[in-house]
Amino acid sequence: MPENRIIIAGGGIGGLALGLTLHQIGVPFTIFESVSELRPLGVGINLQPNAVRELFEMGITAEELDKAGVPAREWALVGQQGQEIYAEPRGLEAGYNWPQYAMHRGHLQMLLAQVLMDRAGTDAVRLGSRVTGYQQTPDGGVSAIVTSPDGSERRETGALLIGADGIHSKVRAQMHPDQPPIHWGGAVMWRGTSMVKPVRTGSSFIGLGTHRQRMVIYPISPPDPDTGLAQVNWIAEVTMDDPGARDDIGWFRQVEIGDFAHHFDDWVYDWLDVPALLRGADVAYENPMIDRDPVETWVDGPVALMGDAAHAMYPTGSNGASQAIVDARELGAAFLAHGVTPAALAAFDAKLCAPISALILRNRGAGPFGLLNMVNDRCGGTFDNIDDVIPAAERAEFMAKYKAAAGFAIEALNSAAPIIPDSAQVRQRAAE
């Protein structure tokens, strides 16, 4: 393999986006993914306009994204009594130059994988191969330890290693052996999808409830033209009083709807029947809302972290997948500026580690759902007119600050230059 090959640990959204970026700018790479077969696993996600912009810049088309999901039109926050707290348009309808998408995570992963292998060849992604450690080599490169399902190990060498291997990253564990365990604040989520008629705009992201008990609801498919039904993703969430009572915070399991639906028995409104929504699911899964404490650096010489390996965060801001895609593009920009070198990784780290670490903590504080905390603090969650509790200008300012912190403030994003200039190539820069 060429000496400047980049080894990517993990074939999720971040690793695949990095592969597409490296192929675009002419850098050799190989992705090592632990599963033996890529399958469309996961739940609904939102891609913010800053990430959709980057997918378009990679050559992913709107038509392809439309097959994986639907453009989002609205973000709305509603109190448990059904009173509107805040609503705003999203995507193109908000004035962005790019849409926002809601889709099934697995469908996006499969789309990226197929496009990547069509462009770079099927050998670009090595399945059944998990990076479990690394060692810096005397020539300044890196040797990755790759483990197969049978437990056998081999070494793969390259110029750099990028850990895109998720919240349980082996690369991060070696880089930060004394990191605290996974953090859980007590919120339990039950996830599923149901075929129902979408409400409000027909493509609205709805947060409904209180700061301790809420639903998140949004469609991830267009309505069937005959029935009007769409696949609607939902998350039912309850915050427990004593998080310390459980020590098995990494659980993810299939559960019966009846195990948790009673928490939402009286959530029936003239525009939405939550119990019926829950009962319409074929299957439901339970898992905790978890993240990791920020670390001081994502880099160890020729090794860097990205995506959830770098900054696993609560999904309250709908920007985990979006940030992984942006990470990939920022790494590409660093390679254009500094070559395939540790200096590029250091530049990437210097630009993103501190602000994204702050975003982790902002999301831990409820992210944009922090408005629910404010409502509770000021009126106990009961009100007739939200303007008497939180004036409209204050609500808008709260949301604007979050979007700025998460990198998708409208004016800043619309006016920003592309992260990867058109037709830019690392080897071209090296020859200049």
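The values are calculated or read from the model by the stated rules, or taken from the named source; none is laboratory data. Quick caveat: nothing in here was measured; it's all calculated off a predicted structure. Virtual Cβ from ideal backbone geometry, glycine too; neighbours counted across all protein chains shown. Please note that ligands, DNA and RNA were not included when accessible areas were found on the heavy atoms of the full protein model with its side chains. Shrake-Rupley method; radii C 1.70, N 1.55, O 1.52, S 1.80 Å.
Can you tell me how many residues within segment 158-217 are in contact with a Pro (Cβ under 9 Å, 6 or more places away or on another chain), at positive phi and outside any loop (DSSP other than H, G, I, E, B)?
The number of residues fulfilling the criteria is 1.
Under 30 Å from residue 240 (Cβ atoms) and at pLDDT 95 or above - does that describe any residue in segment 331-346?
no
Among the residues that make up segment 116-124, is at least one of them in contact (Cβ under 8 Å) with a residue 40 or more places away in the chain, open to solvent by 50 Å² or more (accessible area, probe 1.4 Å) and over 29 Å from residue 54 (Cα atoms)?
no
Let me spell it out: the conditions are (1) surrounded by fewer than 19 Cβ atoms within 10 Å (Cβ to Cβ); (2) in a strand (DSSP E or B); (3) of a type outside the set (S, T, N, Q), and residue 102 meets all of them except one. Which number is the exception?
Unmet for residue 102, out of (1) surrounded by fewer than 19 Cβ atoms within 10 Å (Cβ to Cβ); (2) in a strand (DSSP E or B); (3) of a type outside the set (S, T, N, Q): (1).
Being free of Cβ contacts under 8 Å to residues at least 40 places away in the same chain, open to solvent by 40 Å² or more (accessible area, probe 1.4 Å), over 30 Å from residue 302 (Cα atoms) and not small (Gly, Ala, Ser) is the filter here, so list the residues in segment 345-378 that pass it.
377, 378 - these are the residues of segment 345-378 that are free of Cβ contacts under 8 Å to residues at least 40 places away in the same chain, open to solvent by 40 Å² or more (accessible area, probe 1.4 Å), over 30 Å from residue 302 (Cα atoms) and not small (Gly, Ala, Ser).
Just the residues that are under 17 Å from residue 84 (Cα atoms), out of contact with any His (no Cβ under 9 Å at 6 or more places or on another chain), in contact (Cβ under 8 Å) with a residue 24 or more places away in the chain and not small (Gly, Ala, Ser), please, taken from segment 199-229.
Scanning segment 199-229 gives 199, 200, 201, 205, 206, 208, 210, 211, 214, 215, 217, 218.
Would you confirm whether any residue within segment 245-257 is part of a loop (DSSP other than H, G, I, E, B), open to solvent by less than 20 Å² (accessible area, probe 1.4 Å) and in contact with a strand residue (DSSP E or B) (Cβ under 7 Å, 6 or more places away or on another chain)?
Checked against the condition, which is being part of a loop (DSSP other than H, G, I, E, B), open to solvent by less than 20 Å² (accessible area, probe 1.4 Å) and in contact with a strand residue (DSSP E or B) (Cβ under 7 Å, 6 or more places away or on another chain), segment 245-257 yields no hits at all.
List every residue pair whose Cβ atoms sit under 7 Å apart, with the two residues 6 or more apart in sequence or on different chains, where the first one lies in segment 146-157 and is open to solvent by 100 Å² or more (accessible area, probe 1.4 Å) and the second, anywhere, is of a type in the set (Phe, Trp, Tyr).
From segment 146-157, no pairs qualify.
May I ask you to say which residue of 247, 273, 241 is at pLDDT below 95 and over 19 Å from residue 314 (Cβ atoms)?
247
Applying the selection to segment 398-432, what residues are at pLDDT 95 or above and either open to solvent by 90 Å² or more (accessible area, probe 1.4 Å) or over 30 Å from residue 328 (Cβ atoms) (or both)?
Listed by number, the list holds a single entry, 415.
So, restricting to strands (runs of 3 or more DSSP E) that lie completely within segment 4-78, which ones have at least 3 residues that are touching a Gly at 6+ places or on another chain (Cβ under 7 Å) and crowded, with 24+ Cβ neighbours inside 10 Å?
Correct list: 6-9.
Quick one: which residue in 300, 291 is within 30 Å of residue 17 (Cα to Cα), surrounded by 17 or more Cβ atoms within 10 Å (Cβ to Cβ) and at pLDDT below 95?
Result of the check over 300, 291: 291.
Evaluate segment 318-327: report whether one residue or more is assigned to a loop (DSSP other than H, G, I, E, B), in contact with a Leu (Cβ under 9 Å, 6 or more places away or on another chain), among the polar types (S, T, N, Q) and touching a residue at least 60 places away in the same chain (Cβ under 8 Å).
yes
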